[in-house]
Structures are given as structure tokens and as C-alpha cells.
1. Filter the range 68-91 for residues that are in contact with a helix residue (DSSP H, G or I) (Cβ under 8 Å, 6 or more places away or on another chain) and within 15 Å of Arg32 (Cα to Cα) and give the result.
2. Kindly evaluate Ala39 against the criterion of being touching a residue at least 40 places away in the same chain (Cβ under 8 Å) and within 14 Å of the chain's Cα centre (by Cα).
3. Within the range 42-86, can you find the residues that are without any contact (Cβ under 8 Å) to a residue 12 or more places away in the chain and hydrophobic (A, V, I, L, M, F, W, C)?
4. Right, Val71: of a type in the set (A, V, I, L, M) and assigned to a loop (DSSP other than H, G, I, E, B) or not?
5. Just give me the residues in the range 9-23 being loosely packed, with under 13 Cβ neighbours inside 10 Å and either at pLDDT 85 or above or in a helix (DSSP H, G or I) (or both), in sequence order.
6. Condition check: under 30 Å from Pro75 (Cα atoms) and touching a Lys or Arg at 6+ places or on another chain (Cβ under 7 Å). Does Gln49 satisfy that?
7. Can you name the number of the only condition in (1) in contact (Cβ under 8 Å) with a residue 60 or more places away in the chain; (2) in a loop (DSSP other than H, G, I, E, B) that Ile89 fails?
8. Could you tell me which of the residues Arg32, Arg26 is in a helix (DSSP H, G or I) and open to solvent by 30 Å² or more (accessible area, probe 1.4 Å)?
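The values are calculated or read from the model by the stated rules, or taken from the named source; none is laboratory data. Fair warning: this is a prediction, and the values are worked out from it, not measured in the lab. Reconstructed Cβ throughout: ideal geometry from the backbone, glycine too, with neighbour counts over all protein chains shown. Surface areas here come from the heavy atoms of the whole protein model, side chains and all, with no ligands, DNA or RNA. Shrake-Rupley method; radii C 1.70, N 1.55, O 1.52, S 1.80 Å.
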Amino acid sequence: MKKLLGIVRSLASQMDVEGRSAKEYRDAFLGRFQAVAKAENLALASSDQADLNTLIEQALEPAGAERYRIVPGPPVGLKQPQVLPISLIPA
């Protein structure tokens, strides 16, 4: 439970509130929370390593594809304990 509360607190503190309505904030927060949930699923589904590119795409999805460009590179595998912290990097 402490881990979940820490994640929620981290996401909430990363969210920019300036110039946003309550609905915009809620939608942005829930989008980021969903990205973290997808990252957790990715970590659990990966028996050995999760793909960094997949994780980045999932993490940036709520921010909108038009804001970012992902340049393909060599595959990078992440161990299960690395996935969640990387998914919490602000988008």
C-alpha cells in the first residue's frame, strides 16, 4: 500500500496545475496513472526483460504523440525492478 501511495503522490506532484481546469488536471493525472499501470503490466508480463522503447511509448501516450518524436535505436532490455521508476519520469 505504501508503494501505491508513493506512486500516486509522485504523479500528483509532477502534474502542472497552472492554467488547467479541474477536468484537464484529472484527465492528465489519470492518463499518467494509466501509463504507470501499463508499465507495471509490462514488467510483470516480461519473464526476463521489458523493452525500453515500448515503455517510453506507453509513458508518453497520455501527453500526446504530437509532442514527442521517438527515434528508433537498438533494443534496450530493462529488468523488472527498473520498469516502474522509469515510467515515473515526468513526460
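1. Across the range 68-91, the qualifying residues are Val83, Leu84, Ile86, Ser87, Leu88, Ile89, Pro90, Ala91.
2. Details: touching a residue at least 40 places away in the same chain (Cβ under 8 Å): yes; within 14 Å of the chain's Cα centre (by Cα): yes.
When the stated conditions are applied, Ala39 passes them.
3. Across the range 42-86, the qualifying residues are Ala45, Ala65, Val71.
4. Values: of a type in the set (A, V, I, L, M): yes; assigned to a loop (DSSP other than H, G, I, E, B): yes.
Criteria met by Val71.
5. As a first pass, look at the range 9-23 and keep what is loosely packed, with under 13 Cβ neighbours inside 10 Å: 9, 13, 16-19, 21-23.
Those that are loosely packed, with under 13 Cβ neighbours inside 10 Å and either at pLDDT 85 or above or in a helix (DSSP H, G or I) (or both): Arg9, Ser13, Glu18, Gly19, Ser21, Ala22, Lys23.
6. Working: under 30 Å from Pro75 (Cα atoms): yes; touching a Lys or Arg at 6+ places or on another chain (Cβ under 7 Å): yes.
For Gln49, the condition - under 30 Å from Pro75 (Cα atoms) and touching a Lys or Arg at 6+ places or on another chain (Cβ under 7 Å) - is met.
7. Result: Ile89 fails condition (1) only.
8. Details: Arg32 fails: open to solvent by 30 Å² or more (accessible area, probe 1.4 Å).
Checking each option against the conditions leaves just Arg26.
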